[in-house]
Amino acid sequence: MRLTAVLICALLAGCAGSMDRISELREAAPDWYEARKQEFQGRGYPKLNTVPSDGTYQVRQTGLVKSAAEQKAIREAFYANPRSEPSYLTPAMMMQWAAEIRQRVDARDTPADFLTDQQIALLKARFDRPRARR
């Protein structure tokens, strides 16, 4: 019985010391810690049902409807841009271009200056030492 009481007292003293250390750490935390803690807990963010809306769907949709003249002006501005031109390359022309580039890259390829098979075998033989094997 006495042993149990002593163990309980020791545990309580240990817990009290741990709680003191935790509170000291919280007080010594940097400035950004509190904001980060709030962020992780999900506080400080607006609720979705409190975000104001700018009007109904129909009101926003009316801004998308354009007159025929506006549509024509938009289409002409689109086609006037050089980036809107259709591709003049056929798939065969693209493959030919890729083959030419591949040949240029292969021409610049230099042989590797690595160890030969014989040199690798010598290195393996040098470092291959018996290790407590049975």
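The values are calculated or read from the model by the stated rules, or taken from the named source; none is laboratory data. Keep in mind it's a predicted model, so treat the numbers as computed, not measured. Methodologically, a virtual Cβ is constructed for each residue, glycine included, from the backbone with ideal geometry; neighbour enumeration extends over all protein chains shown. Ligands, DNA and RNA are excluded from the accessible area calculation, which covers all protein heavy atoms including side chains. Shrake-Rupley method; radii C 1.70, N 1.55, O 1.52, S 1.80 Å.
Within region 21-32, the set of residues being part of a helix (DSSP H, G or I) and open to solvent by less than 90 Å² (accessible area, probe 1.4 Å) comprises 22, 23. Of everything in region 80-100 that is of a type in the set (S, T, N, Q) and in a helix (DSSP H, G or I), the residue that is surrounded by the most Cβ atoms within 10 Å (Cβ to Cβ) is 96.
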